[in-house]
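Below is one structure; the comments refer to it alone.
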Amino acid sequence: MTIFTRDIETGLRSLQLGEAPVIVHASLKSFGNVNGSAASVVDALLRVFSSVMAPAFTYKTMITPPVGPEDNGIVYGSGQDLNLMAEFFIPSMPVDRLIGMVPETLRQHPLAKRSDHPIQSFAGIRAEPFLAAQTMHDPLAPLHALAMSGGWVLLLGVNHTVNTSIHYAEKMAGRKTFIRWALTPKGVVECPAFPGCSAGFDAAAPALENYTRRVRIGDTLIQAVSVRAVFNAVVPMFRRDPLALLCNDESCERCGEIRKQVRKG
């Protein structure tokens, strides 16, 4: 089955979000055969929504120093080989492959703008007020700005494990964040407020069920939930249970540090 731009546009309009601004997390592969590939998805998004934003993260800028702050969810001195392959952040750097082709295609659009965080940048079209909210000490601030403007999270063929709005809910609830370092043309810079692991985030789905709108485009499940609803549902979850939504991987350094902090009280 071939999916066309008009099919995607029709499906997105059926969510009845109006012209709300959106942040998009997407798996192009989940759509199967899309005529025009990721460009068709981006085109449909721009036809439906007033503003489209996506993560444009660049993990290949990251380096691991030999020493650093304690309780930081990292093994210092362990990244020598990766450090040698690290690249300087520049505005034209491609989005990390883990983030996907749809955000990268959005970044390449002639009308797109990008924030300048060397690890956690965002790209968007007609999204300048949200991008401008980002700072080095508050890298996920675009999500708060989006919530204040009635924005929505769009999950195109993916689940909440990629929902960066849940990371901002962690910040609102006071959950521990981390420090990471990135290579830039001006040297190595410290990047505070780096979030924890998101592998356990889909366990938030039941709490978000009553706020979620869904449609299928071909065989792909599209989910939409307002950013404000994410905050309203998930922040109390973290406050009730400081261990909520952590992953079950015993080797996960960031989740391990959060557990350790909770045990210390």
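The values are calculated or read from the model by the stated rules, or taken from the named source; none is laboratory data. Small disclaimer: the values here were computed from a predicted structure and weren't measured. Every residue, glycine among them, receives a Cβ derived from its backbone with ideal geometry; neighbour counts consider all protein chains shown. The area values use the complete protein model at the heavy-atom level, side chains included, leaving out ligands, DNA and RNA. Shrake-Rupley method; radii C 1.70, N 1.55, O 1.52, S 1.80 Å.
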Taking only the range 80-122 into account, find how many residues are touching a strand residue (DSSP E or B) at 6+ places or on another chain (Cβ under 7 Å) and more than 21 Å from LYS186 (Cα to Cα).
-> 10
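Condition check ((1) within 30 Å of GLU253 (Cβ to Cβ); (2) within 17 Å of the chain's Cα centre (by Cα)) across all residues:
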{"position": "LEU12", "(1), (2)": "no, no"}
{"position": "ILE23", "(1), (2)": "yes, yes"}
{"position": "GLY32", "(1), (2)": "no, no"}
{"position": "SER40", "(1), (2)": "no, no"}
{"position": "LEU46", "(1), (2)": "no, no"}
{"position": "VAL52", "(1), (2)": "no, yes"}
{"position": "ILE63", "(1), (2)": "yes, no"}
{"position": "LEU84", "(1), (2)": "yes, no"}
{"position": "LEU98", "(1), (2)": "yes, yes"}
Test for ILE74: is it touching a residue at least 60 places away in the same chain (Cβ under 8 Å), buried (at least 19 other Cβ atoms within 10 Å of the Cβ) and within 22 Å of ALA145 (Cα to Cα) = no
Near pairs, Cβ below 8 angstrom, 6+ apart or cross-chain, from the range 43-54 (under 11 Å from GLY18 (Cα atoms)) to any residue that is of a type outside the set (A, V, I, L, M) | VAL48/GLU9; VAL48/ARG13; VAL48/GLU19; PHE49/GLU19; PHE49/PRO21; SER50/GLU19; SER50/PRO21; SER50/ARG126
From the set of residues in the range 1-38 that are outside any helix (DSSP H, G or I) and among the hydroxyl-bearing types (Ser, Thr, Tyr), which is nearest to SER51 (Cα to Cα)?
-> SER14
Taking the range 1-34, which residues are charged (D, E, K, R) and either closer than 18 Å to ARG47 by Cα or open to solvent by less than 50 Å² (accessible area, probe 1.4 Å) (or both)?
-> ARG6, ASP7, GLU9, ARG13, GLU19
Pick from LEU208, LEU246: which is aliphatic (A, V, I, L, M), in a helix (DSSP H, G or I) and under 18 Å from the mean Cα position of the chain (by Cα)?
-> LEU208
Number of the condition not met by ALA199 [criteria: (1) in a loop (DSSP other than H, G, I, E, B); (2) under 20 Å from ALA147 (Cβ atoms)] | (2)
Hey, does the range 182-198 have a residue that's under 21 Å from SER30 (Cβ atoms), modelled with pLDDT of 95 or more, touching a Ser or Thr at 6+ places or on another chain (Cβ under 6 Å) and surrounded by 16 or more Cβ atoms within 10 Å (Cβ to Cβ)?
-> yes
Keeping to the range 1-21, report how many residues are in contact with a Ser or Thr (Cβ under 6 Å, 6 or more places away or on another chain) and within 20 Å of ALA127 (Cα to Cα).
-> 2
Please specify each residue of the range 103-158 satisfying the condition of being of a type in the set (D, E, K, R), farther than 23 Å from ILE63 by Cα and surrounded by fewer than 16 Cβ atoms within 10 Å (Cβ to Cβ).
-> GLU128
Of the residues HIS117, HIS160, HIS109, HIS167, which is in contact (Cβ under 8 Å) with a residue 24 or more places away in the chain and either within 23 Å of GLU70 (Cα to Cα) or basic (Lys, Arg) (or both)?
-> HIS167
Inter-residue pairs, beta-carbon under 9 Å, first under 11 Å from ILE8 (Cα atoms) and in the range 216-235, second crowded, with 19+ Cβ neighbours inside 10 Å and hydroxyl-bearing (Ser, Thr, Tyr), 6+ apart = none
Residue that is nearest to SER149 (Cα to Cα) [pool: residues in the range 246-262 that are touching an Asp or Glu at 6+ places or on another chain (Cβ under 8 Å) and open to solvent by less than 60 Å² (accessible area, probe 1.4 Å)] | CYS255
For the range 35-59, which residues satisfy the criterion of being open to solvent by 10 Å² or more (accessible area, probe 1.4 Å), under 27 Å from PRO139 (Cβ atoms) and not small (Gly, Ala, Ser)?
-> LEU46, PHE57, TYR59
Open to solvent by less than 70 Å² (accessible area, probe 1.4 Å), closer than 30 Å to GLU70 by Cα and not aromatic (Phe, Trp, Tyr) - does that describe any residue in the range 204-223?
-> yes
Run down MET53, MET1 and say which single residue is among the aliphatic types (A, V, I, L, M) and within 29 Å of PHE89 (Cβ to Cβ).
-> MET53
